[in-house]
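J.: The structure that follows is given in the form of structure tokens.
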Amino acid sequence: MARFQLSPTTAPAYRLDTAKKRASAVMLPLIDIDDQAHILLCKRPTYLHHHPGEICLPGGKFEASDITLRTTALRELNEELNIAPSNVTVVGQLPQHATLTGFNISPFVGLLHKHTTWENDYNEVQASFLLSLADLVNDANWQPVHFQRSGKIISLPGFATPHGLLWGATALIIKNFTKQLAIPV
């Protein structure tokens, strides 16, 4: 794996009320390709009712059978991309992220073992793809995305991918992660 370290976490730039949010978790899966770190992302199918066609990290809602939110992230990674927990080394957890759509997301960072392969579960994932951390840490590759919510204009970072725009909670989680990288990737 390309060598990197995380610096101490910092609080998000804004806070949302998390009291009524539904617990969920995502995995930020990292894999080394040709000595460069990459993040594995998914594109949701367009027929889904929630967030159709959006770019996301593997993850989902906490279920009663999950022991912890870490268990949720590993279960969802396995369900969506058929990556067994034995192929992942969880190296940390990022600060929780409260969404505008009612979720409190716990992001976990996992290193995929060197020869890990994956296969999309097409009920949950239309496509999966890699983005290099080198591209994601470059601020010039990001653009502001403006949208209206409850009568207010909100601006979030966006990153153009071959499968659509990476934005919203996923983009904020990735931006938070890349800001914590202590050395170049």
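Where a number appears in this text, it was derived from the coordinates with a stated rule and is not lab data. Since the model is a prediction, treat every value here as computed from it, not as a measurement. Here the Cβ positions follow ideal geometry from the backbone for every residue, glycine too, while neighbour counts run over all protein chains shown.
J.: Using DSSP to define loop residues, name the trypsin sites (Lys or Arg not before Pro) in segment 49-135 whose beta-carbon has at most 16 other beta-carbon atoms within 10 Å.
T.: Counting only loop positions with at most 16 other Cβ atoms within 10 Å, the trypsin sites (Lys or Arg not before Pro) in segment 49-135 are LYS114.
J.: Treating only the Cβ of Lys, Arg, Asp and Glu as charged (+1, +1, -1, -1), what charge dipole size does the chain show about its Cα centre? Round to the nearest 20 debye.
T.: Dipole about the Cα centre, nearest 20: 740 debye.
J.: What list do you get for SER86, SER24, SER128 if you sort them by fewest beta carbons within 10 Å?
T.: Lowest to highest Cβ neighbour count: SER86, SER128, SER24.
J.: Sticking with this structure for a sec: Sorted from fewest to most neighbouring beta carbons within 10 Å, what does the list ILE153, ILE39 look like?
T.: ILE153, ILE39
J.: Amide H to amide H, which residues 5 or more places from GLN93 or on other chains are under 5 Å from it, using H placed in the peptide plane?
T.: VAL109
J.: Which residue fluctuates most in the GNM of the chain (Cα springs below 10 Å): ASN104, ASN120, ASN141?
T.: Checking each option, the largest mean-square fluctuation is seen for ASN141.
J.: Projecting each Cα onto the charge dipole of segment 59-185 (Lys/Arg +1, Asp/Glu -1 at the beta carbon, about the Cα centre), which of ILE105, HIS115, GLN180 comes out farthest on the positive side?
T.: GLN180
J.: Continuing with the same structure: Label-point separation (nm) for LEU165 and GLU79, each offset 7 Å from Cα along Cα-to-Cβ?
T.: Distance between label points: 2.8 nm.
J.: Of all DSSP beta bridges in segment 22-135, what percent run antiparallel (nearest 5)?
T.: Details: 22 of 31 bridges.
Taking every DSSP beta bridge with both residues in segment 22-135, the antiparallel ones total about 70 percent.
J.: Considering amide H positions built from the backbone, and no H for Pro or chain starts, which residues 5 or more places from LEU48, or on another chain, come under 5 Å of its amide H?
T.: Those qualifying (amide H under 5 Å, at least 5 residues apart or on another chain) are GLY53.
J.: Taking every eigenvalue of the Cα gyration tensor of the chain, multiplying by 5 and rooting it, what semi-axes result, largest first, whole Å?
T.: Working: eigenvalues 102, 81, 61 Å².
That gives 23, 20, 17 Å for the three semi-axes.
J.: Specify the residue with the greatest mean-square fluctuation among PHE108, PHE62, PHE129, computed from a Gaussian network of the chain linking alpha-carbon atoms under 10 Å apart.
T.: Comparing PHE108, PHE62, PHE129 in the GNM, the peak value goes to PHE129.
J.: Anyone know which of ILE67, ILE105, ILE83 comes out most mobile in the 10 Å Cα GNM of the chain?
T.: Largest GNM mean-square fluctuation: ILE67.
J.: Given only helices, namely DSSP H runs of n ≥ 4 each adding -39500 (n - 2.57), what is the per-residue ellipticity at 222 nm of the chain, to the nearest 500 deg cm²/dmol?
T.: So the calculated ellipticity at 222 nm is -5000 deg cm²/dmol.
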